[in-house]
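The values are calculated or read from the model by the stated rules, or taken from the named source; none is laboratory data. Every value quoted in this text rests on a predicted model; they were computed, and no experiment measured them. Because the Cβ atoms are built from the backbone with ideal geometry, glycine has one as well, and the counts that use them run over all protein chains shown.
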Amino acid sequence: MSQIVSHSASAGVRDGVAPSESPASSSAPSWRKSDTVWSLSLFGTAIGAGVLFLPINAGIGGIIPMIVMAVVAYPMAHWAHRGLTRFILSASKEDADLTDVVDEHFGNKAGAFITVLYFLSVYPILLVYSVTITNTVNSFLEHQLGITPLPRWLMSLILVGGLIFVVSLGRSVIVKAMSVLVFPFIAILVVLSIYLIPKWNTALFQTFDLRTSAEASGHSIWVTLLLLVPVMVFSFNHSPIISSFAQEKRAEYGQWADYKTGRILTVAQILMVVVVMFFVFSCALSLSPADLAAAKEQNITILSYLANHFDSPVIQWAAPIIAMIAVAKSFLGHYLGAAEGFQGLIASGAASKGKTVDTQSRALVLGTLAFMLISSWLVAWLNPSILGMIETMCGPTIAILLFLMPMYAIHKVPALAKYRGRISNYLVFGMGLLALCTIVYSIVQAF
């Protein structure tokens, strides 16, 4: 891509000097087509099957958690991803990814820890979607087609095996399938949200009373808000694409990379929050907290519940099909990250013993496929609580990478010193700690 800064400025970035937020050496570069493309890419990455669970956890406690989420969603998502982007930009190498940056700033042991953490942040999501696709298809067969589903062990094996077969066709097939499905899925969510408007009711507003809210959710308002945090982290997360985003914008804009990535993230996350919150409110307002509690109990997405709840042919047939496509898309996308993390673990383990492993070798690729197939199938067969997995596994591990680590780096790494002392840092760190608290809460509840 064309460079818009001088050679000396670009060299300064490569030497590890964090780019200024508002460099005085030249005027700010104008908005480009590539910026629009990245805004839409970030927006599309952020909206996946995870949003199909957000109305359940947000609305189950009534209107108060919904209002809180509407207030904190944008600053939480924006400041967290802004911090991770700045962390990637602080590397001395222009093409450094997350592990490279951690290696540079904190050492090889920390880099190995992040490799493990990255795998643990993506792999459980694959398991979540394995359960989700099985439950969604079973619900569709039973309620819409009037067919008794196959035994769960067989149905889950067929569905997960089918998705793994698509994966085996190669990365290019997965990427193409995802790119085709992303924006139609978003458009359908918006259309469905509008379609639900005539079905809105006042049941949600009866939960302004904290006692009524507690009865609906089964928890106090504080516990409901606590359990909402990891689901929000999960639903608004698009950290896997941040490394590529930061690398490309650094190459394109040099010393202006921090300023430009901030503007692009702002556009992407405003779009994301508006679409997601409209969908969440429209779903929740068309049901009641008791309905949402039933959806959680049935372990299905909000779309599957809407299809079974309303006597409307459009919703009955369109909603579960949309859910199946969305979950399949998200499964394929997260497989790439889970496979990369798994192969990274194998390579790191071999390196610690003085051996070298080719991560593209046929044996490792097939071994990865087998591991993902067997583990995903077994979890789908067992049918654990989807929201429980998000609250205790997915959300907290994502929070460590996205919320806690970049804020820690800002307060420890000299290249990020200029960003210290901002209120947003403490708010992001606090949200990350709250997401981790759900693990402690779940352990206490278990005993």
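Things worth noting here:
- Matching entry among Asp95, Asp103 (being of a type in the set (D, E, K, R), outside any loop (DSSP other than H, G, I, E, B), at pLDDT below 90 and within 25 Å of the chain's Cα centre (by Cα)): Asp103
- Pairs, first under 23 Å from Val137 (Cα atoms) in segment 162-176, second surrounded by 11 or more Cβ atoms within 10 Å (Cβ to Cβ) and polar (S, T, N, Q), C-beta under 9 Å, six or more apart: Leu163/Ser130; Leu163/Ser376; Ile164/Ser376
- Qualifying residue in segment 345-353 (condition: more than 17 Å from Thr115 (Cβ to Cβ), touching a Ser or Thr at 6+ places or on another chain (Cβ under 8 Å), at pLDDT 85 or above and not charged (D, E, K, R)): no
- Hey, Ala350 of a type in the set (A, V, I, L, M) and surrounded by fewer than 18 Cβ atoms within 10 Å (Cβ to Cβ) or not: yes
- Qualifying residue in segment 98-112 (condition: in contact with a Ser or Thr (Cβ under 9 Å, 6 or more places away or on another chain), over 30 Å from Gly254 (Cα atoms), hydrophobic (A, V, I, L, M, F, W, C) and in contact (Cβ under 8 Å) with a residue 12 or more places away in the chain): no
- Residues located in segment 402-424, provided they are within 23 Å of the chain's Cα centre (by Cα) and farther than 16 Å from Leu89 by Cβ: Phe403, Leu404, Tyr408, Ser424
- Residue in segment 279-290 that is more than 26 Å from Thr397 (Cβ to Cβ), of a type outside the set (Lys, Arg), assigned to a helix (DSSP H, G or I) and touching a Phe, Trp or Tyr at 6+ places or on another chain (Cβ under 7 Å) present: yes
- Search result, residues across segment 180-190 that are at pLDDT 80 or above and either in contact with a Pro (Cβ under 9 Å, 6 or more places away or on another chain) or farther than 20 Å from Asp291 by Cβ (or both): Phe183, Pro184, Phe185, Ile186, Ala187, Ile188, Val190
- Hits in segment 191-231 - residues which are among the hydrophobic types (A, V, I, L, M, F, W, C), over 26 Å from the mean Cα position of the chain (by Cα), modelled with pLDDT of 80 or more and in a helix (DSSP H, G or I): Ile197, Ala203, Leu204, Phe205
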